[in-house]
Amino acid sequence: MATTTTSRETAFYPRIAAMTDDWMDLFGYLAPSVVSTTAEEYQACRRTAALMDFSMLRKVDIDGPGAVDLVNSAVTRDITRLPQGRIAYGAMTDERGKMIDDCTCMIRSPSSVRFCGANDRDLGVFTAKAAGSQITVTHQTDALPHLCLQGPESRRILERLTQSDLSGEVFPYYTFREDVEIAGIPVFMTRLGYTAELGYELWVERARCLELWDALIEAGASAGMRVIGMDALDLFRIEGGFIIGGVEYDPTVSPYECGLGWSVDLDKADLPARAALTADRDATTLRLTSVVLESGGTEASGATLEVDGQAVGTVTQAVVSPYLDGKTLGLAKIEKPSAEPGTQVVARVAGQTVAGEVVRHPVYDPDRQRAKHG
């Protein structure tokens, strides 16, 4: 994606701009495409650690009596069952049961939820639902810049900067902490990420964000940590099977088509668009999966997939995968009968015929053992 005149700078832009002039637009903000080289950035995250700016994700705080129920009425999962300190990943849909956003909900208390997505519509949904109530809805995207520190050395780097216990027993996967200081700076810290590696997100008050950046850069230097760009992130997301709005889904797509059908709780009391989602569950013929092609690289993005001469799906995005030793790997939406691992497919790439195979999804650490246990 190219930058535009309306692309905004994140709070970390001054530091990153000193490292690269290769930028793209991500959700309306400037994000680095490449900082050093994509190959170096990829290897750093898989072997040591990587630091990335995720401040452009949309953050909303919902506070007041009934906050949990209000958020629950906007998302497909039943978050009323979550204890304080837990995180739920899932979908926000419109009245037609179509995707608005994939998102995380963090239960801070019975009357406080922190929400993170990537769509400006999120704020409007909550504002409309809160109208006339005692619930406040606060847009925090620019007030709380946030960094992702990912990779097998991420915990050890953070432990150099805090007295808090960050062990997996105390701080497990898909939880968050509000009692941690990193280099003496209070942070809102989550145990998750977008790379399929052990990782953390650190949300920080804007006034202290560059101080946090500098501390992490210094602490991570000896471990070989790299600041990484979005080109490397594409490799992680496709190897790890992570979806992104505008690629795997848009407002015409249901959760069942983009890999989030598991997050739809049709039995919960306050499910938005229950009838539409039930119909989509039964009518959706496509499944999100992974496909390996003999060639094509990034040009295979958008390619039609065929079985026995019949179109059965489309590659949403493809990359040259380092994990697969340079093979072309893509996420794809494929008709369910052809979406089983081992199915032989043919892709139409730049006018050429390319052989391929549906493979286990996701390709990289499908059971998330590295992310869960580090």
**Q.** Every residue from the stretch 201-255 that is of a type in the set (Gly, Ala, Ser) and either farther than 30 Å from residue 271 by Cα or in a helix (DSSP H, G or I) (or both)
**A.** 207, 215, 219, 220, 221, 222, 223, 224, 229, 232, 240
Q. Which fully enclosed helices (runs of 4 or more DSSP H) of the stretch 62-159 have 3 or more residues being charged (D, E, K, R)?
A. 121-130, 154-159
Q. Does at least one position in the stretch 164-176 carry a residue that is within 14 Å of the chain's Cα centre (by Cα) and under 30 Å from residue 319 (Cα atoms)?
A. yes
Q) Do you know which of the residues in the stretch 210-259 that are touching a strand residue (DSSP E or B) at 6+ places or on another chain (Cβ under 8 Å), over 27 Å from residue 321 (Cα atoms) and not aliphatic (A, V, I, L, M) is surrounded by the most Cβ atoms within 10 Å (Cβ to Cβ)? A) 254
**Q.** Subset of the stretch 9-29 [in a strand (DSSP E or B) and under 17 Å from the mean Cα position of the chain (by Cα)]
**A.** 25, 26, 29
Q.
Given the criterion modelled with pLDDT of 95 or more, charged (D, E, K, R) and farther than 19 Å from residue 361 by Cβ, identify the matching residue among 308, 270, 234.
A. 308
Q) Applying the selection to the stretch 317-348, what residues are in contact with a Pro (Cβ under 9 Å, 6 or more places away or on another chain) and not hydrophobic (A, V, I, L, M, F, W, C)? A) 343
**Q.** From 361, 373, residue being in contact with a strand residue (DSSP E or B) (Cβ under 9 Å, 6 or more places away or on another chain) and either touching a residue at least 24 places away in the same chain (Cβ under 8 Å) or on the phi > 0 side of the Ramachandran plot (or both)
**A.** 361
Q | The one condition in (1) free of Cβ contacts under 8 Å to residues at least 24 places away in the same chain; (2) over 29 Å from residue 38 (Cβ atoms); (3) touching a strand residue (DSSP E or B) at 6+ places or on another chain (Cβ under 6 Å) that residue 179 fails to fulfil | A | (3)
Q. Of the residues in the stretch 44-61, how many are in a strand (DSSP E or B) and among the basic types (Lys, Arg)?
A. 2
Q) When the stretch 338-365 is examined, which residues are found to be part of a loop (DSSP other than H, G, I, E, B) and either among the small types (Gly, Ala, Ser) or touching a His at 6+ places or on another chain (Cβ under 7 Å) (or both)? A) 339, 342, 350, 351
**Q.** Residue list for the stretch 130-146, filter: surrounded by 18 or more Cβ atoms within 10 Å (Cβ to Cβ) and either touching a helix residue (DSSP H, G or I) at 6+ places or on another chain (Cβ under 8 Å) or among the aliphatic types (A, V, I, L, M) (or both)
**A.** 130, 135, 137, 144, 145
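The values are calculated or read from the model by the stated rules, or taken from the named source; none is laboratory data. All values derive from a computational prediction rather than experimental measurement. FYI the Cβ positions are ideal-geometry reconstructions off the backbone, even for glycines, and counts take in every protein chain you see.
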